[in-house]
Amino acid sequence: MQEEAATSALGAVFGGLWWLISNIGMGFWHMVYAITHPSLWLDWSNTESLLRFVYYGGSVEAFFVFLDLFLVVTVIGFFNRSFLWGVVRVFEGFTNGVGRLAAWAGLVMVLQQIMIVFLQSIFRVGEISISPFGLGFTQTVTWWSESIKFENAMVVALCVSYAFVQGSHVRVDLVYAGVKHRTQRAIDMFGSLFFMLPVATLTWMYAWYFLWRHLITPKVSASDQLEMMLRKARIVKWNVETVSFTGDGFNAYFMFKILILSFLVLVFVQAIAFFYRSFLEFVEGEESAGKYLDRDSLGAGEEAYEGTH
C-alpha cells in the first residue's frame with residue numbers, strides 16, 4: 001500500500017514537471033503563431049477572432065507566453081547586465097511616465113469640483129457644456145459630479161507603480177532595515193516573484209472576464225474552453241455597459257474595469273523591473289543601490305520629505 005502511494009505521488013510529481021516543461025516549450029510556439037497570424041485574434045469584425053482574443057487574454061497559453069519572454073530576458077540579462085539595466089530603465093521610465101501624466105487628474109478633479117459647486121449652487125445650472133478646440137460637449141451636473149469618481153480611480157490605478165518607484169508607499173518594516181544590503185535585495189526579489197506577480201496574475205484572471213462580461217453578450221467566464229467560446233461566437237454581440245446608477249449620471253462604468261486591467265499591467269511591469277533591479281543590485285553590491293533610479297525631487301533642503309508626497 002505504501003509503495004503504491006509512493007509510486008502515485010512520484011507519478012504526480014513527474015506529471016506536474018512534464019506539464020510545466022511542455023507548456024514552457026509550447027509557449028514559444030504560441031508566441032510565434034500569434035505573431036504570424038494576427039487576424040485570428042485581432043480582427044474583431046469577425047466574432048470568432050473576438051472570442052479568441054477574449055479566451056487567450058486570460059488563458060494558460062498566454063501565461064506561458066509571457067513567462068517565456070520573462071525567462072528569455074532573464075537569461076540574456078544574466079550574461080549581459082547592461083542589457084538588464086536597460087530593461088529596468090525602460091520599465092521604470094514607462095511607469096513613471098504614466099504616473100506623472102495620470103497625476104494631473106488630481107488637478108482636474110479639484111477644478112471640476114469647484115466648477116460644479118459654483119455653477120450649481122450659485123447659478124442653479126442643470127447642464128454644463130465645455131467646448132475644447134471648438135468641440136461641444138454637454139452633460140448634466142450629475143454626470144460631471146459622478147465622473148470625479150473615475151478621475152480619482154485614474155489617480156489610484158495609474159499612479160500605483162509610479163508611487164512604488166518614488167518610494168511613496170506605506171510600509172511596515174520589521175526586519176528589512178536591520179539586515180545587510182544583499183539580504184535586502186534577496187527579500188526584494190522574493191517579494192517580487194512570490195507576492196507581486198502571483199497576486200497580479202490571480203487578479204488579472206478575475207478582472208479580465210469581469211470586463212468582458214460588461215462588454216459582450218452572452219457572458220463569458222474563465223471556465224469556458226476555446227470550443228465553447230467559438231460556439232458562442234455565432235450569437236455574440238457588443239453590449240457595452242452604459243447605464244449609470246442615477247439615470248442621468250456617469251454612463252461609462254465599463255471604463256473602471258479597463259482601469260483595473262491597466263493597474264495590473266503597471267503592477268506586472270513594475271514587479272519585473274523591481275526583480276531585475278534587486279538582482280542587479282544584489283550582484284553589483286551596495287554601490288549600485290539606486291542606480292539609474294528616476295525619483296522626483298522637492299528641491300534642495302527637502303530631502304527628508306521626499307518619498308512621502
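Just a few scattered comments:
- Within region 199-242, being of a type in the set (Asp, Glu) and in contact (Cβ under 8 Å) with a residue 24 or more places away in the chain holds for Asp224, Glu241.
- Scan of region 108-147 for residues that are among the small types (Gly, Ala, Ser), more than 15 Å from Gly249 (Cα to Cα) and surrounded by 14 or more Cβ atoms within 10 Å (Cβ to Cβ), ordered by number: none
- Tally, over region 213-248, of residues that are among the acidic types (Asp, Glu) and either outside any loop (DSSP other than H, G, I, E, B) or open to solvent by 70 Å² or more (accessible area, probe 1.4 Å) (or both): 2
- Scan of region 157-176 for residues that are hydrophobic (A, V, I, L, M, F, W, C) and without any contact (Cβ under 8 Å) to a residue 24 or more places away in the chain, ordered by number: Val170, Val172, Leu174, Val175
- Subset of region 249-278 [open to solvent by 20 Å² or more (accessible area, probe 1.4 Å), farther than 23 Å from Ala105 by Cα and either touching an Asp or Glu at 6+ places or on another chain (Cβ under 9 Å) or not in a helix (DSSP H, G or I) (or both)]: Phe274, Phe275
- Residues in region 27-52 that are in contact with a Leu (Cβ under 7 Å, 6 or more places away or on another chain) and among the aromatic types (Phe, Trp, Tyr): Trp44 only.
Every residue, every condition in (1) in a loop (DSSP other than H, G, I, E, B); (2) more than 24 Å from the chain's Cα centre (by Cα), yes or no:
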site: Gln120; (1), (2): no, yes
site: Val125; (1), (2): yes, yes
site: Thr142; (1), (2): no, yes
site: Phe150; (1), (2): no, no
site: Phe164; (1), (2): no, no
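The values are calculated or read from the model by the stated rules, or taken from the named source; none is laboratory data. Every value quoted in this text rests on a predicted model; they were computed, and no experiment measured them. Cβ coordinates were reconstructed from backbone atoms using ideal geometry, including for glycine residues, and neighbour counts include every protein chain displayed. Ligands, DNA and RNA are excluded from the accessible area calculation, which covers all protein heavy atoms including side chains. Shrake-Rupley method; radii C 1.70, N 1.55, O 1.52, S 1.80 Å.
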